[in-house]
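Asker: This structure is in structure tokens; I'll ask about it shortly.
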Amino acid sequence: MIDEVYEVGARVSHDTYGMGRIVSIQGTTSAQVDFGDGPKHIPLPCSKMTAL
């Protein structure tokens, strides 16, 4: 499996939270993603999240 590369502002889809937008990235370890109900901390890599 190839780890996805995420960028601030990119749209993502998460199996649990649905569609969101990346607000910030902390190196290669985590991302803050806004799914509409406030940002959530998502550890990276995350097999449940896909870049769109």
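The values are calculated or read from the model by the stated rules, or taken from the named source; none is laboratory data. In this text the structure is predicted, and so the values were computed from the model without any measurement. All Cβ positions, even for glycine, are placed from backbone atoms using ideal geometry, and neighbour counts span all protein chains on display.
Asker: Which residues, counting only those in segment 1-35, are on the phi > 0 side of the Ramachandran plot and modelled with pLDDT of 95 or more?
Answerer: Correct list: G9, G18.
Asker: Next question, about the same structure. Counting only residues that are assigned to a loop (DSSP other than H, G, I, E, B) and touching a residue at least 12 places away in the same chain (Cβ under 8 Å), how many does segment 2-46 have?
Answerer: Step one: of segment 2-46, the residues assigned to a loop (DSSP other than H, G, I, E, B) are 2-10, 15-17, 27-29, 35-38, 44-46.
Keeping just the survivors that are touching a residue at least 12 places away in the same chain (Cβ under 8 Å) gives 3-10, 15-17, 28-29, 35-36, 44-46.
Selection size over segment 2-46: 18.
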